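In what follows, a single structure is set out as structure tokens and then discussed.
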Amino acid sequence: MTFHLNALGLLCALGNGVDEVRRQLFNATALPGTLGVRPCALYAPYAPLHPGQETPTSLHLGCLPDTVALPTLEDLPVEERTRSNAMLTLALAQIQPQVDAAIARHGPERVAVVLGASTAGLEEGLQAARQFQAQGRFPNHYHYGQQEMGNAAAFLRRSLGLRGPAHVISTACSSGAKALASGARLLQAGLADAVIAGGVDALSAFTIAGFSALESVSAERCLPLSANRTGINLGEGAALFLMSREPAASPGEGVCLSGWGETSDAHHMSAPEPSGRGAAEAMRLAMARARLTPGEVDYVNLHGTATPQNDAMESRAILDVLGSDVPVSSTKPLTGHTLAAAGAIEAALAWITLADNPQGRLPPHVWDGAWDDTLPRLTLARASAPALGRPVHHVLSNSFAFGGSNATLILSRT
């Protein structure tokens, strides 16, 4: 069965909308200073969690561009007024005509919502807690429901008047990818005829402090696969796909979710299993479902967090499953690590790579060029390298999470 990705709404540090993100993605080495991962003072200084830890005045983060004006949502119930839901509102607006057509065709009870999320209204809760600590009362614009993990899916369901299944998957950084796989299973089981699937997460000082406590945050732009890598850049954004069993009425882009694989290592709360066995198995499962051989994969979007352990594990898994010749890159130096939204946003970048790209341009690997000789030598997609010279047919995208939750998606041209 084919699961068509008929429409895409997207916003992240590279821009608002498919056209803008496409333009910046393929010109990544010449990004203006207002786009991509950049110094951002919005969430710094934050409270250091280690004695003697320095409090930065600025961090490199994948903040939304300053030109993106999020709606205030003042006309909505208080529990729905979150930054995450504001980002979803912008992403949904980009595919509203296609969503409305799907609802009209199938009926509101046959359209589902599946999202990946992990921060929900975390920043709203943090700000409310600070006011309570200072003044003894919560602000009027705060409601505990903002922090409920299922808030985002319930918000979209109510906003669109849907009556089909709606849920959030929260498995940390694999969530967005698993949401697309879950949406495909709903279609496969006949429980829905169309699914709005994707992910959303907003930056929060709380999240930044938490990852800093793990000593996993890079103060500068992150450097996946580099000998000089020191950690991640956190980011934010949203991606929404309209999935169905049939292609769009006017086929347009012709991209589908052809395969997915999910495994669980249960190796450690935050560190990946060092050999990459679970990651490799997720890739093999996805390729088996898509009926692909290693030589048919044109490009791999790495999870590529730029932490020492992730990059070591993932590069071994890539070599084991696909060999060293397939072009790979991490897009996290461009978007930041958007946590639960990462799998969906990077699936969106895969969609852009497959659609309307006759020369086969690939998302470039942006780094300092200092290869870590302890890692397998993979083939990097570079901005200076020639394009494939033909359309890209199959993209594999990896997402790995705390607790050993591994997810791989394969997107293909139809």
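The values are calculated or read from the model by the stated rules, or taken from the named source; none is laboratory data. None of the values given here were measured: they were computed from a predicted structure. In this analysis, Cβ positions are derived from the backbone assuming ideal geometry, glycine residues included, and neighbour counts consider all displayed protein chains.
Can you confirm whether the range 148-155 contains a residue that is in a helix (DSSP H, G or I), at pLDDT below 95 and under 27 Å from S405 (Cβ atoms)? I'd like the intermediate steps shown before the answer.
Looking only at the range 148-155, we keep the residues that are in a helix (DSSP H, G or I), and these are 151-155.
Restricting the remaining residues to those that are at pLDDT below 95 gives none.
No, the range 148-155 contains no residue that is in a helix (DSSP H, G or I), at pLDDT below 95 and under 27 Å from S405 (Cβ atoms).
So how many residues does the range 122-138 have that are more than 21 Å from T207 (Cβ to Cβ) and part of a helix (DSSP H, G or I)?
The qualifying residues number 2.
Under 6 Å by Cβ, and 6 or more places apart or on different chains, what pairs join a residue from the range 269-283 that is free of Cβ contacts under 8 Å to residues at least 60 places away in the same chain with one that is basic (K, R)?
G276/R316
For the range 291-311: of the residues being over 21 Å from the mean Cα position of the chain (by Cα) and either of a type in the set (A, V, I, L, M) or outside any loop (DSSP other than H, G, I, E, B) (or both), which is nearest to G231 (Cα to Cα)? Break it down stepwise before answering.
At the first step, the residues of the range 291-311 found to be over 21 Å from the mean Cα position of the chain (by Cα) are 291-296.
Cutting the leftovers down to either of a type in the set (A, V, I, L, M) or outside any loop (DSSP other than H, G, I, E, B) (or both) gives us 292, 294-296.
Numbers: L292: 33, P294: 29, G295: 31, E296: 32 Å.
It comes out as P294.
Restricted to the range 56-109, and to residues that are closer than 30 Å to A213 by Cβ and among the charged types (D, E, K, R), which residue is surrounded by the fewest Cβ atoms within 10 Å (Cβ to Cβ)?
Filtering the range 56-109 down to residues closer than 30 Å to A213 by Cβ leaves 56-66, 68, 70, 79, 81-88.
Narrowing the set further to residues that are among the charged types (D, E, K, R) leaves 66, 79, 81, 83.
Numbers: D66: 9, E79: 19, R81: 21, R83: 23.
My answer is D66.
Within the range 227-244, is there a residue that is part of a strand (DSSP E or B), surrounded by 19 or more Cβ atoms within 10 Å (Cβ to Cβ), touching a His at 6+ places or on another chain (Cβ under 7 Å) and not aliphatic (A, V, I, L, M)?
yes
Go through the range 187-222 residue by residue and tally those that are out of contact with any helix residue (DSSP H, G or I) (no Cβ under 8 Å at 6 or more places or on another chain) and either buried (at least 22 other Cβ atoms within 10 Å of the Cβ) or more than 30 Å from A112 (Cβ to Cβ) (or both). Quick ask: steps written out before the conclusion?
Just the residues of the range 187-222 that are out of contact with any helix residue (DSSP H, G or I) (no Cβ under 8 Å at 6 or more places or on another chain), to begin with: 187-191, 208-216, 218-220.
Still in the list and also either buried (at least 22 other Cβ atoms within 10 Å of the Cβ) or more than 30 Å from A112 (Cβ to Cβ) (or both): 187, 208-216, 218-220.
Residues that pass the stated criteria total 13.
Looking only at the range 291-328, count every residue that is closer than 25 Å to R361 by Cβ, surrounded by fewer than 22 Cβ atoms within 10 Å (Cβ to Cβ), small (G, A, S) and touching a residue at least 12 places away in the same chain (Cβ under 8 Å) and tell me the total.
2
Return only the number of the condition from (1) out of contact with any Gly (no Cβ under 6 Å at 6 or more places or on another chain); (2) at pLDDT 95 or above; (3) assigned to a helix (DSSP H, G or I) that R163 does not satisfy.
(3)
Which condition does C256 not pass, out of (1) out of contact with any strand residue (DSSP E or B) (no Cβ under 9 Å at 6 or more places or on another chain); (2) buried (at least 22 other Cβ atoms within 10 Å of the Cβ), if it passes all the others?
Of (1) out of contact with any strand residue (DSSP E or B) (no Cβ under 9 Å at 6 or more places or on another chain); (2) buried (at least 22 other Cβ atoms within 10 Å of the Cβ), only one is false for C256: (1).
Which of (1) closer than 15 Å to L10 by Cα; (2) touching a Lys or Arg at 6+ places or on another chain (Cβ under 8 Å) does A306 not meet, given it meets every other one?
All conditions are met except number (1).
Which ones in the range 103-127 are of a type in the set (D, E) and either at pLDDT 95 or above or in contact with a strand residue (DSSP E or B) (Cβ under 9 Å, 6 or more places away or on another chain) (or both)?
Kept after step one, since they are of a type in the set (D, E), are these residues of the range 103-127: 109, 123-124.
Of everything in the range 103-127, just one residue is of a type in the set (D, E) and either at pLDDT 95 or above or in contact with a strand residue (DSSP E or B) (Cβ under 9 Å, 6 or more places away or on another chain) (or both), namely E109.
Pull out all pairs, ordered by first then second residue, where Cβ-Cβ is under 9 Å, the residues are six or more apart or on different chains, the first lies in the range 71-91 and is within 13 Å of E148 (Cβ to Cβ), and the second is among the β-branched types (V, I, T) and not in a loop (DSSP other than H, G, I, E, B).
S84/V200; N85/V200
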